[in-house]
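Below: one structure, written as structure tokens.
The numbers here are math on the coordinates, done by the rules we state, and not lab data. These figures come from a predicted structure and were not determined experimentally. Neighbour counts run over all protein chains shown; Cβ positions are idealised from the backbone, glycine included.
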Amino acid sequence: MFSHTTRSSHLNRLQSEPFDLLVIGGGITGAGIALDAASRGLKTALVEKHDFAFGTSSRSTKLIHGGLRYLKQLEFGLVREVGSERAVVHQLAPHLVLPEKMLLPLYEKRGFGSILTSFGLKLYDWLAGVKPEDQRKMLTRKQTLKSEPLLQPSDIKGGAIYAEYRTDDARLTIEIIKTAFRNGAVPVNYCTVTGFTYADQKITGATVKDEYGDSSFAIRAKTIVNAAGPWVDELREADNSKKGKRLHLTKGVHIVVPREKLPVKQAIYFDVGDGRMIFAIPRDRTTYVGTTDTTYDGSKEQVVASKPDVEYLVDAINKTFQGNALSISDIESSWAGLRPLIHEEGKSASELSRKDEIFESATGLISIAGGKLTGYRKMAERVVDLVIGKYFEDRKLKRCYTASIPITNPGFSSQSEVESFKRKFPEVGPVINYLVHTYGRAAEQIIANSSNKDLVLAELEYCLDNEMVLSASDFFIRRTGSLFFNIGRMKSSIEPVLTVLKSQLSWTEDKVLAERQRLKDSIKLSGEFL
Ligand code: FAD
């Protein structure tokens, strides 16, 4: 079981057994590597210093996308790889990675012309091998305004519709972590790597602090992969191997408004007029908008949207859409994430490549940075190929086959199966959409369990038993996304959730007070902009 009740046995294994591979970081990159390595037969551990997906992997635009704008930077290899991965990841978790048609309005005075856009999107479809029925369609001005009547019409000259996918980044990460666990990996959250152990100047393991139980111990591992996202350079420093290339962190902010404040009919990717492009994406009862892209050197533990960040996004919305102007006070929630990109001299934040890179130190530490949520599987394959090629060539290990390991169990095999599953529960009403797209087939168990308790508590019980929830924030932010997309539901269920957590996790009254305060701070930070 992947539950708080089994955590101490996972910790015991970390301390007592030697591992082939230790992965540092429980974001999408580390999760993908742990799954790939464990499924090929490597004995794999993963440690995450906060909760799984605490870092960038819960703060993205939540798209499984090919990165249209990288065509402008001539990154054809990147677009081909992540573009083709979209359909693969959709197939692995059809309830969680959903097709989303994107509208790209074209303007007289900003952005690209129709001919260039038509060619660019054709190339995008071709590089990614998009099925003919999903390939881009160019629209006239009339068709564009019909697709999205909310667009400010004056400057529109036409548009295009093209195919992408949307997801929930934190849930995708936790599902991959759970799948890695089912395949034999030992992933543990709230465990920080504080240093490394060496023999003959080669890494032999890591020292770790259990942040939940407050103890320290060592893990023995033949190889270590540093997949710490924005923290990658800190671990390279701890290994004394931060030489040559370094990270360049850029901050990206998203804001969430109630759907009625920005009632777009579909996802839109629009040009702001300053060389940047922004997404507006409807999701359940909200629309979210992002992102910014600015160089960042503040605290990595608490990244928040500032007033200039949200003013920029609100201005972009008001310039692009008609109707009542949006104001900062309409914002319900927000999040801010850091892109762990590789520094390139003289390039601005948005010009930096999104390609991943692998660094190897003389001590044997393998670090991976850059990349996209969408490309996690291919990044993992490259890292594990390298690990096996260098250290385990003598073993009979499988080749990468994560393209055929569904990331939920039991999972769905197609979108239509997801839709027919939803129809099994007419009595549940519209919330079935949220439940199925969040928990997959486990929605059935949650619904059955909610017959004698509140639905939120039935969800909590499932997450406690199956998803290693150790705090109220794990539940409200990363397992359910309530802080961002259903803040009213979160506020009204804080007390019952804390009561259950107190009893299930044997918390003291002080711990409950601290958790309550943390939730209040999170709500404040996501809705107050300085
Ligand atoms: P992280 O998710 O940050 O994970 C690293 C983890 O390591 C953290 O959880 C951290 O707590 C842990 N850690 C750090 N130090 C230690 C330590 N000492 N011990 C143990 N654990 C440690 N990509 C897409 O494909 N689609 C998108 O729509 C998209 N939108 C984006 C929008 C924004 C604003 C941003 C910032 C990025 C976006 N990306 C997108 C990129 C994508 O989100 C990232 O590439 C990806 O999430 C990075 O994952 P990661 O696992 O490398 O890093």
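A few remarks follow.
- Out-of-range pairs (alpha-carbon distance over 22 Å; input Lys62/Lys101; Lys49/Lys245; Lys43/Lys396): Lys49/Lys245
- Under the Karplus curve 6.51 cos²θ - 1.76 cosθ + 1.60, θ = phi - 60°, whole-Hz ³J(HN,Hα) for the stretch 516-530, x wherever Gly or Pro sits: 4, 5, 4, 5, 4, 4, 4, 5, 5, 5, 7, x, 10, 10, 9
- Label separation (Tyr391 vs Lys245): 2.0 nm, computed from points 7 Å beyond Cα along the C-beta direction.
- By the beta-carbon count within 10 Å of each Cβ, the least crowded to most crowded order of Glu133, Glu100, Glu175, fewest first, is Glu133, Glu100, Glu175.
- Sequence-ordered 3J(HN,Hα) estimates for the stretch 330-347 from the Karplus curve with 6.51, -1.76 and 1.60 and θ = phi - 60° stand at 7, 6, 8, 7, 7, 8, 9, x, 10, 8, x, 9, 8, 5, 10, 4, x, 9 Hz, glycine and proline given as x.
- Dividing the summed helix terms, -39500 (n - 2.57) for each DSSP H run of n ≥ 4, by the number of residues in the chain produces a 222 nm estimate of -11000 deg cm²/dmol to the nearest 500.
- Residues Val303, Val97 in ascending order of nearby Cβ atoms (within 10 Å, fewest first): Val303, Val97.
- The three principal axes of the Cα atoms in the chain give end-to-end lengths of 67, 55, 46 Å, sorted in falling order.
- Dividing the Cα radius of gyration of the stretch 73-191 by 2.2 N^0.38 Å, with N the residue count, gives 1.36.
- The lysines whose alpha-carbon is closer than 20 Å to the alpha-carbon of Lys307, local same-chain residues fewer than 8 away aside, are Lys251, Lys261, Lys319, Lys520, Lys524.
- Ordered by the number of other Cβ atoms lying within 10 Å of each residue's own Cβ, fewest first, Ile407, Ile494 fall into the sequence Ile494, Ile407.
- Checking the cross-link pairs Lys131/Lys372; Lys146/Lys265; Lys178/Lys422 against a 20 Å limit on the alpha carbon distance flags Lys131/Lys372; Lys178/Lys422 as lying beyond it.
- Placed amide H near Val186: partners under 5 Å, 5+ positions off or other chain: Thr44, Ala45, Leu46
- Normalised size of the stretch 415-526, defined as Cα radius of gyration per 2.2 N^0.38 Å with N residues, equals 1.11.
- With N the number of residues in the stretch 117-162, Rg(Cα) / (2.2 N^0.38 Å) evaluates to 1.27.
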